[in-house]
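*Asks:* Mind having a look at this structure? Questions to follow.
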Amino acid sequence: MKAVQQIWGMVWVTVLCLLFPTQSIGAERTRVAFLNPGGPGDAFFQPMTDFMQAAADDLGFELTVYYANRNHVLYDENIHRLFSTQPLPEYIIGTNARGSGKELLKVAEAAGVKTLFVNQGFIDVEQIVVGTPGERYKQWLFEYIPDDINAGYLLAKTLLDEAVEHSSDGTVEVLAITGHEESAASVLRLRGLKEALVEYPGVRLNQAVHADWKRDKAKKLTRRLLERYPSTSVVWSASDVMAHGVCEALRETGRNPGSDVLVGGVDWADSALDSLRKKEFTASVGGHFMDGGWALVMLYDMMHGIKPDKMGRSSFSVLTVDNVDIYAKLREQSWAAIDFRAFSKHQNPELTQYNFGLEAVLKQLQ
């Protein structure tokens, strides 16, 4: 009987080794904390967290999430709450939410905890003050953040191409609903819109307003702006959540979103998929919710001697009614179905550059 038990024990050890080849039995997982600006169920940050967790499970990280529920005061409190815990995490993933990144860098440097940034980085004066990763703050490893100028530009191009095509005289009037005025993502996406506008001489941006990433505020502001600019034919929104508020305002003022006025946003929120299918949204730009997971892949490789780009930028893709169902099929699957080790340079020495993004994920799942 004892011999049989020993044999079964050996079998289970073999099975576990096959299932978890990168993690030895009983090995301690590397502790990583994520300072999440959102909260559980957040339209953008929940998918981002889920994707990160799937990557952490594959790569041997123990991920602890500190939620701020889109409250910048709570985010700052979470920074100090994190550093009061024992043992401290070995790595911290943060965002420069409402300028809080400087405080994170300062506290992490003093504590000797390595940090990296996703989602929002430093721009303009802030960038000058903090420098680049490893320059002034030695514990700052790298950042992997979206090219938000490109996001705003892609959204604008998609909306304006269609608007101009259906305009009788080529003239188009645009409203812009942006996020918080201190948000790097908001500032940069608006710059992308303005870059696109240069290419359309018959298009006029009537006004850009800050709705602080809030649906209700976007709705109220849009209603007010439609009274001021009744000939508006395009409303560009820096997020899908705010774009939903725009659509509510349009319907309440007797306009049909998607036909009378073209609407688009950023983030690939689940709710945006339905709006695209109903043709209320013309476009949603996104893919950057995956950045946290890809940052963990790069961190895993860094731990194995492969240096990442210190100032990494992720790219965006555009969802329209023509391709929304392809992405919807991906969202129906569990992120656990992805083998994140397949994206690692350490695990795949033949990789000369990272291949992140929607097409790469779809290809693997197929």
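None of the figures in this text is laboratory data; all of them are computed from the coordinates on show. Here the structure is a predicted model, which is why all the values come from computation and not from measurement. All Cβ positions, glycine included, derive from the backbone under ideal geometry; neighbour counts span all protein chains shown.
*Asks:* With only Lys, Arg, Asp and Glu charged, each at its Cβ (+1 for the first two, -1 for the last two), find how big the charge dipole of the range 150-286 is about the Cα centre; round to the nearest 20 debye. Please list the in-between numbers first.
*Replies:* Details: 18 positive and 20 negative charges, 66 e Å.
In debye, rounded to 20, the range 150-286 gives about 320.
*Asks:* Follow-up. Can you give me the angle between helix 101-111 and the longest principal axis of the chain, using Cα atoms only, in degrees from 0 to 90, rounded to the nearest 10?
*Replies:* 20
*Asks:* Loop-only check: which chymotrypsin sites (Phe, Trp or Tyr not before Pro) in the range 281-366 are DSSP coil with at most 11 other Cβ within 10 angstrom?
*Replies:* none
*Asks:* The range 260-366: which GluC sites (Glu not before Pro) are DSSP loop and have at most 14 other beta-carbon atoms within 10 angstrom?
*Replies:* Glu332, Glu350
*Asks:* By how many degrees, 0 to 90 and rounded to 10, does the Cα axis of helix 215-228 deviate from the longest principal axis of the chain?
*Replies:* Its long axis makes an angle of about 20 degrees.
*Asks:* Over the chain, calculate the relative contact order: mean separation of alpha carbon pairs under 8 Å at least 6 apart, over the residue count, as a percent. Before the final figure, lay out each step's value.
*Replies:* Details: 671 pairs, mean separation 58.3, N = 366.
Rounded, it is 16 percent for the chain.
*Asks:* For Phe281, what residues show an amide H to amide H distance below 5 Å, using hydrogens built from the backbone and excluding near sequence neighbours?
*Replies:* Correct list: Leu276.
*Asks:* Among Ser314, Ser233, Ser167, which one shows the biggest mean-square fluctuation in a GNM of the chain, springs joining Cα atoms closer than 10 Å?
*Replies:* Judging by the Gaussian network model, the answer is Ser167.
*Asks:* Which of the trypsin sites (Lys or Arg not before Pro) found in the range 42-145 are in a DSSP loop and have at most 16 neighbouring Cβ atoms, other than their own, within 10 Å?
*Replies:* Those that pass, being in a loop and sparsely packed, are Arg136, Lys138.
*Asks:* Output ³J(HN,Hα) for the range 139-144: one whole-Hz value per residue in order, computed from phi by the Karplus curve 6.51 cos²θ - 1.76 cosθ + 1.60 with θ = phi - 60°, and x for Gly and Pro.
*Replies:* Each residue of the range 139-144 in turn: 7, 7, 7, 6, 10, 9 Hz.
*Asks:* Over the chain, with a Gaussian network built from C-alpha contacts below 10 Å, which listed residue (Ala328, Ala56, Ala238) shows the highest mean-square fluctuation?
*Replies:* Per the Cα network of the chain with a 10 Å cutoff, Ala328 tops the list.
*Asks:* Follow-up question, since we're still on this one. Please give the net charge around Leu190, taking every other residue with its beta carbon less than 12 angstrom from that of Leu190, where Lys and Arg add +1 and Asp and Glu add -1.
*Replies:* 0
*Asks:* Given a Förster distance of 45 angstrom, what is the FRET efficiency for Leu330 paired with Lys102, based on the Cβ-Cβ distance and rounded to 0.05?
*Replies:* 0.80
*Asks:* Restricting to bridges with both residues inside the chain, how much of the DSSP beta-bridge set is antiparallel, in percent to the nearest 5?
*Replies:* Expressed as a percentage, antiparallel bridges in the chain total about 5.
*Asks:* Could you give the size of the charge dipole of the range 294-366 about its Cα centre, using +1 on the Cβ of each K and R and -1 on the Cβ of each D and E, expressed in debye and rounded to the nearest 20?
*Replies:* 260
*Asks:* Mind scanning Lys194/Lys307; Lys157/Lys220; Lys102/Lys310; Lys329/Lys363; Lys214/Lys310 and naming the pairs with a C-alpha gap bigger than 24 Å?
*Replies:* Pairs exceeding 24 Å: Lys194/Lys307; Lys157/Lys220; Lys214/Lys310.
*Asks:* Going by amide H atoms built from the backbone, whose H comes under 5 Å of the H on Phe34, apart from near neighbours?
*Replies:* Thr64, Val65, Tyr66, Ile93
*Asks:* If you don't mind, there's one more thing I want to ask. I need Val234, Val263, Val73 ordered by Cβ neighbour count within 10 Å, fewest first.
*Replies:* Listed from fewest to most nearby Cβ atoms, that is Val73, Val234, Val263.
*Asks:* Counting each DSSP H run of 4 or more residues in the chain as -39500 (n - 2.57), what helix-only mean residue ellipticity at 222 nm follows after dividing by all residues, to the nearest 500 deg cm²/dmol?
*Replies:* Taking each H run of at least 4 residues, the total per residue is -13500 deg cm²/dmol.
*Asks:* Quote the charge dipole size of the chain about the Cα centre in Debye, to the nearest 20; the model charges only the Cβ of Lys and Arg (+1) and of Asp and Glu (-1).
*Replies:* 540
*Asks:* Something else now. Once phi is turned into θ = phi - 60°, what whole-Hz ³J(HN,Hα) does the Karplus curve with 6.51, -1.76 and 1.60 give for every residue of the range 309-324, x standing for Gly and Pro?
*Replies:* Per residue, the Karplus-derived 3J(HN,Hα) values read 5, 5, 10, x, 10, 9, 9, 10, 10, 10, 9, 10, 4, 6, 10, 5 Hz.
*Asks:* Projected onto the charge dipole of the chain (+1 at Lys/Arg Cβ, -1 at Asp/Glu Cβ, origin at the Cα centre), which of Ile306, Val113, Gly287 gives the Cα projection farthest towards the positive end?
*Replies:* The residue sitting farthest along the positive end of the dipole is Val113.
*Asks:* Okay, next question. How large is ³J(HN,Hα), in whole Hz, for each residue of the range 112-121 in order, when computed from phi with the Karplus curve 6.51 cos²θ - 1.76 cosθ + 1.60 and θ = phi - 60°, using x for Gly and Pro?
*Replies:* x, 9, 6, 10, 8, 10, 10, 6, 9, x
*Asks:* Follow-up. Which of rounded, prolate or oblate describes the range 72-132 when judged by the alpha-carbon gyration tensor and an a/c cut-off of 1.5?
*Replies:* Prolate shape, in that a/c is at least 1.5 and a/b is the bigger ratio.
*Asks:* Follow-up. Where does each of Leu74, Leu116 land when they are ranked from fewest to most other beta-carbon atoms within 10 angstrom?
*Replies:* Placing the least packed residue first, the sequence is Leu74, Leu116.
*Asks:* Now for a different question. Give the distance, in whole Å, between the Cα centre of the range 162-190 and the Cα centre of the range 255-332.
*Replies:* The two parts, judged by their Cα centres, are 18 Å apart.
*Asks:* Expressed as an acute angle from 0 to 90° and rounded to the nearest 10, what is the orientation of the C-alpha long axis of helix 291-303 relative to the principal long axis of the chain?
*Replies:* The two axes meet at around 30 degrees.
*Asks:* Could you tell me which of rounded, prolate or oblate describes the range 157-304, using a ≥ b ≥ c as the square roots of the eigenvalues of the alpha-carbon gyration tensor, with rounded for a/c under 1.5 and, failing that, prolate when a/b is larger than b/c and oblate otherwise?
*Replies:* In terms of gyration-tensor shape, prolate.
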